[in-house]
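The values are calculated or read from the model by the stated rules, or taken from the named source; none is laboratory data. Keep in mind that this is a model prediction, so the values were computed, not measured. Reconstructed Cβ throughout: ideal geometry from the backbone, glycine too, with neighbour counts over all protein chains shown. Just so you know, the surface numbers come from the protein's heavy atoms only, side chains and all, with ligands and any DNA or RNA stripped out. Shrake-Rupley method; radii C 1.70, N 1.55, O 1.52, S 1.80 Å.
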Amino acid sequence: MCQVEEDYRDELESVDVPSISKKCVKCKEASAAVVIRAGDAYCRVCFKEYFIHKFRAMLGKNRLIFPGEKVLLAVSGGPSSCSMLNQVKEGLSQNAHKKLRFRPGIIYIDEGGAVGQSVEERRRTVAELQGVFRATGFLFYVVPLEQVLNLPSSVVASAPAPPEHLSSAYKAAVDRFIQSDGSSCLTPQDKGQTSLPEVHESQTQVLQQLIASAKTLTAKQDLLNTLRQHLLVHTARTEGYSKLMLGDNCTRLAVKLLTSISLGRGAQLAQDTGFSDSRYGDIISVRPMRDYSAKEIAYYNHLFNVPSVFIPSLDTKTADKASVQRLTESFVIKLQADFPSTVSTIYRTGEKLQTARLSSSTADHCDRCLLCMCALDTAVEEASALQATLISEQLSQTTSPGATRTTTPRPNRAPVEPESSAPTGQCCSSGGQEHCGRAESGGGCCSSAKGPEMTNLRSLLCYSCQLTIKDMSSVEHLPQYILSEARRRQRRSQMREEISEFLLDGVDEGV
Amino acid sequence: MPVLCSSCAEKRAVLKRPKTGHSLCKECFFWAFEEEVHQTIVAAKLFKPGETVGIAASGGKDSTVLAHVMKLLNERYNYGLELMLLSVDEGITGYRDDSLETVKRNQQQYELPLKIVSYEELYGWTMDAIVKQVGLKNNCTFCGVFRRQALDRGAIMLKVDKICTGHNADDVAETVLMNVLRGDIARLRRCTAISTSSEGEGVVPRCKPLKYAYEKEIVLYAYFKKLDYFSTECIYSPNAYRGYARTFLKDLESVRSSSIMDIIHSGENLSVREGIKMPVQGTCSRCGYISSQALCKSCVLLEGLNRGLPKLGIGKHHRLHDKILSQQPLTEKEERKLKSVEF
């Protein structure tokens, strides 16, 4: 529409004819083993050096991980996170050129229950991964996703403020590390793992009910991502880790960025795809693999025998149009095949964005989404996509007869306001909590309160998470920690409402 | 079993709204569609009473519906606007001449004054002539750049205060996707704005009253209102890359119908990191039109055409701007690169 240069071919479709010269572009001696991009042919040795340097450079440049800090590596078993694990191991080894200086641990979340794997399949996958993890000598945790059902609501409650990161603090940490001689943290203290928690079949069923309550695969995947994230953060917290390392690579992030846009997560883009993500306050997620393309990782893993384990996910073997996430992935991958700079262009677009509305220091924790913990993006101006959608919905539904046509239907400025939180709150919070979460399908008090509960929940969610909840048949299957935090927030906002006239501007206690 | 309209609950529903999934009868759909455009206009404060507004009319579905709805709302809600139709004749035989016939019929039906500005009178070139020199590739660049300016010039001739265009929600969402795919951060930031702020002299503010209207609903509206519109693709537009984004958007819509609005919501809430270089708006040193370079795109393209070097304006040749300005000849090597593309 407004832009006019429709000639993207020249810019984006560079002709990639691999250079015929068989020599490495770096050392110009050894014969090339891989072609990373058009014209960039590397020999084995130079490729390894390049790959390793990239990892150290990413961490070094950002200076977010302090020496001696405990870092939890989230490993899914896929090529990217396994490659990350390999890099960390490489960087900590005695003969590493520039040693990494943090204390790693590994976490694997077993999602077999949500995906519908049999107990036997799950056991086999876990066993295979345990082999990989043991070989590193790092401490590792295998956590079944079912554990998310037992989380405390502190996971989605107010996150402690992130510690201030000053360059001086970093230097101080380096000094302290050098003085303490640093050796203590490099020896894997207690090898092995924490005992594998048994998964009860009933818990798997509850989890499956929860996933099944999402009617679309788009919502299922989104929900699963959220739950996984909560469990990761919670484990990091309870085990004393302050950083979470995620294996997202450049290709993955490009897909994620476009997916986020398609799901209405524009405001959260920077957090969803940036190097670091501090939405959980004390636990900061970092993405050190973000400069590698999926192809580079595949080459590296292949050339240097980095093991990875194939684990099916929700969208394995589904059609392109099965979900927004799946569709976006296939779109980006296909476009990348024709226009080799697609992924890097999308990725670079993300680099230029930042989280919106976070500048206001008043963004207290009540203004964060109950599910994704990002700042709410629903307080929008009157002329906005959100308001337009609400108006459309309102105009398409039955209005009270008589009061139509002549009067202009004024948009109810905030359907996101808790209108009737009272009945639900009372019914559910008064001791009936377990009963609510445990899906006694159609059980008296909750099923009748389902409607209002759903609308109430929406007021606590960001635009995109509202869409996910909208795609769910009911919210009663949501884990207890989410529901009870929802009720807590609703009670708070009710209280606030009642005393609002006595509160002075600018004084906001938040939580 | 007949489905009842979910709004009035009396009449039989004749359509399912692509935007919300509700089943509506004809009258309720018309009402909802018009009311939504009205709400958009009011909420975004697009017009002030007494203003003269030019409706960019191509004869296609969007602008036909826009003209119809604008006239209707102006009367229903007493906007107090003076409406006019403004068309651009690119000079494409077999396409624009036919669609302009539609615009002329619309003019009579809606009793609105019509102004047609042509590329030929403004630039001395018709698109037919340009394509003859440039070839089928890249000709949309010429057409697009020239049209933007042509609309402004037409608007100034008509002395209108504002132009409104028929861009719909699908167009806006598609552009968000396009700008992400191209990494065009400056346009990504601007493209979801419902109206352009006053950009300077010689530029008339523009707005998109149909910004939140789904393309499918526009077609439904035109269909049930039996509006007369012209629906043929331009004979010169292959539009390869944009086609990918369009297909992707349609696929997204079929997976989740709210996707279009979701993408616009995303676009409206993006914020650009500080310290990212943005093009600075200046004016063209030749024609005075807004431009981020020494010469505006339109002047460069025109210069290329007149010198017989059509590729001058395609791609980035900012280094040559000085030469063009001082009317110096280009070197042979430079000329060879900018000669017409073989096809």
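Among the residues making up segment A:329-338, a single one is open to solvent by less than 10 Å² (accessible area, probe 1.4 Å) and at the interface with another protein chain (Cβ under 8 Å from one of its Cβ atoms): A:L335.
Go through segment B:171-184 and report how many residues are open to solvent by 10 Å² or more (accessible area, probe 1.4 Å) and either assigned to a helix (DSSP H, G or I) or outside the structural domain of B:I263 (by the TED database) (or both). Can you show your working first?
Taking segment B:171-184 as the starting set, the residues that turn out to be open to solvent by 10 Å² or more (accessible area, probe 1.4 Å) are B:171, B:182-184.
Among the residues that remain, those that are also either assigned to a helix (DSSP H, G or I) or outside the structural domain of B:I263 (by the TED database) (or both) are: B:171, B:182.
Matching residues across segment B:171-184 total 2.
Residues that are β-branched (V, I, T) and open to solvent by 10 Å² or more (accessible area, probe 1.4 Å) within segment B:149-170 comprise B:I156, B:V160, B:T165, listed in sequence order. Before we move on, is A:I52 among the β-branched types (V, I, T) and outside any helix (DSSP H, G or I)? No; evaluated as a whole, the condition is false for this residue.
Residue count for segment B:217-267, restricted to those that are more than 8 Å from every other protein chain (Cβ to nearest Cβ), part of a loop (DSSP other than H, G, I, E, B), within 22 Å of B:T20 (Cβ to Cβ) and of a type in the set (S, T, Y): 1. When residues in segment A:42-77 are screened for being out of contact with any Pro (no Cβ under 7 Å at 6 or more places or on another chain) and open to solvent by less than 10 Å² (accessible area, probe 1.4 Å), 6 of them pass. Do you know which of the residues in segment A:370-398 that are within 7 Å of chain B (Cβ to nearest Cβ) and among the β-branched types (V, I, T) is surrounded by the most Cβ atoms within 10 Å (Cβ to Cβ)? Across segment A:370-398, the extreme among qualifying residues is A:I391. Number of residues in segment A:278-292 that are more than 17 Å from A:D367 (Cα to Cα), in contact with a Lys or Arg (Cβ under 8 Å, 6 or more places away or on another chain) and not small (G, A, S) equals 6.
A single member of A:D277, A:D291 is at negative phi and assigned to a strand (DSSP E or B), and it is A:D277.
The residue of segment B:302-313 that is nearest to the chain's Cα centre (by Cα), among those that are over 13 Å from B:L325 (Cα atoms) and open to solvent by less than 10 Å² (accessible area, probe 1.4 Å), is B:G313. The condition of being within 20 Å of the chain's Cα centre (by Cα) and either over 28 Å from B:S58 (Cα atoms) or not assigned by the TED database to the domain that holds B:A155 (or both) holds for only one of B:Y221, B:Y289, B:Y236, B:Y244, that being B:Y289. Just one of the listed residues (B:Q108, B:Q133) is under 17 Å from B:L85 (Cβ atoms), open to solvent by 40 Å² or more (accessible area, probe 1.4 Å) and not aliphatic (A, V, I, L, M), namely B:Q108.
For A:I297, the conditions (1) modelled with pLDDT of 95 or more; (2) within 11 Å of another protein chain (Cβ to nearest Cβ); (3) open to solvent by less than 30 Å² (accessible area, probe 1.4 Å) all hold with the exception of (2).
Within segment A:91-112, the presence of at least one residue that is part of a helix (DSSP H, G or I), surrounded by fewer than 20 Cβ atoms within 10 Å (Cβ to Cβ) and not β-branched (V, I, T) is confirmed. Only one of the numbered conditions (1) part of a helix (DSSP H, G or I); (2) crowded, with 23+ Cβ neighbours inside 10 Å is not met by B:L122, and that is (2). Look at segment A:33-49 and say how many of its residues are in a helix (DSSP H, G or I) and closer than 20 Å to A:V343 by Cβ. Result for segment A:33-49: 1.
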